[in-house]
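What follows is one structure encoded as structure tokens, with my remarks underneath.
Each value in this text was obtained by applying a stated rule to the coordinates, not by laboratory testing. Bear in mind that the values here come from a model prediction, so they are computed numbers and not experimental data. No Cβ is skipped: glycine too gets one built from the backbone with ideal geometry, and neighbour counts run over all protein chains shown.
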Amino acid sequence: MSQVFDVLIILAVALNFVALGVSRIRMVITAVAVQGVLLGTFPLFVHTDVGPRVILLVIVTVVLKGQVIPSYLLYAMREADIRHEVKPVVSFVSSMLLGAVGTGLAMMYSYTLPLTPEHSGLLLVPASFSTVWTGFLMLTTRRKAIMQVLGFLLLENGILLFGLLLLEAMPFLVEVGVLLDLFTGVFVMGIIIHHISREFASISTEHLSELKE
């Protein structure tokens, strides 16, 4: 079981590089959606005592991250009539190199943390830090608003990964609150995308400074 879990974590980290290295927005949405589904199943591997609360969290996470939010972003992409991230602040190759450096540093730093014995050997912590770093890169180096929303989703995926270590100690209300914050953030970014696409021919966030009441 642990070997299967390690393979799934490696696959989730590999999807970070897909998100950093491609310009097609649909492919990035698909990569983030697949990663969200994988993350949704991780509680079943991390904790042996799986109760109704954990199962409900798995179902909600998989549906929200794998279906609801990607469908919403695909709809926004069609409405705004965009397909590619054309000129990112940092090139795609450079973004992947920065992602690789961040992943390596995450591996080194994670082994210095005082984790419990059952969590010390897991790849969960370095994968968490790597995903947070990838989300930060997406947020700061992409010009399209949808790509920045996807960066926000990756950032939240990394936080969720680390939170799995504390799942037994976290009340159910807090877990639902994390998902609610995610949904609220995407909703707000959807409003921004709508206003940019209504006022301008593109949805580059460079136009935000020109929006006035």
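Output the peptides 62-74, 93-105, 28-40 sorted from most to least packed, where packing is the average of other Cβ atoms within 10 Å over each peptide's residues.
Those peptides, ordered most packed to least, come out 28-40, 62-74, 93-105.
Can you list residues whose amide H is under 5 Å from His84's amide H, if they're 5+ apart or on another chain and H is modeled 1.01 Å from N?
Correct list: Ile25.
How would you classify region 4-137 from its alpha-carbon gyration tensor, with a ≥ b ≥ c the square roots of the eigenvalues: rounded for a/c under 1.5, else prolate if a/b is greater than b/c, otherwise oblate?
oblate
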